[in-house]
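Encoded as structure tokens, the structure appears first; notes follow it.
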Amino acid sequence: RASPTAPHSSAPLVQYKVWVKPGSEQSFLYGNHVLKSGLGRITENTAQYQGVVVYSMADVPLGFGVAAKSTQECRKVDPLAIVVFHQADVGEYVRNEDTLT
């Protein structure tokens, strides 16, 4: 499992990226998947099940996910379809601070 603090250090090295709209940032940071309605941008030619770094629209890394849909599929799906499966986010540290060793 990815470390919640890793997005900041590894983000520049990642080829596939997803940007979420401001209204969906908090939802992602609370551990929820990204819906099509919250998708701002996605790297061209992202394949389904490809690992991605999730960013805010201001290019701040928020966490990691897995593309539930390819770039091409994202253009056609329903607004309530999941486009990125949540894996880890920077909010996990705050939520789990008392259980971390």
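The values are calculated or read from the model by the stated rules, or taken from the named source; none is laboratory data. Keep in mind it's a predicted model, so treat the numbers as computed, not measured. All Cβ positions, glycine included, derive from the backbone under ideal geometry; neighbour counts span all protein chains shown. Accessible surface areas use protein heavy atoms only, side chains included; no ligands, DNA or RNA. Shrake-Rupley method; radii C 1.70, N 1.55, O 1.52, S 1.80 Å.
Reported count of residues in the range 74-84, each being touching a residue at least 12 places away in the same chain (Cβ under 8 Å) and either open to solvent by 70 Å² or more (accessible area, probe 1.4 Å) or assigned to a loop (DSSP other than H, G, I, E, B) (or both), is 5. Name the single residue that is farthest from Leu80 (Cα to Cα) among those in the range 13-63 being in a strand (DSSP E or B) and open to solvent by 40 Å² or more (accessible area, probe 1.4 Å). Ranking the qualifying residues of the range 13-63, first place goes to Lys17. Asn45 meets all of the listed conditions (1) under 17 Å from Tyr16 (Cβ atoms); (2) out of contact with any strand residue (DSSP E or B) (no Cβ under 7 Å at 6 or more places or on another chain); (3) in contact (Cβ under 8 Å) with a residue 40 or more places away in the chain but one, namely (3).
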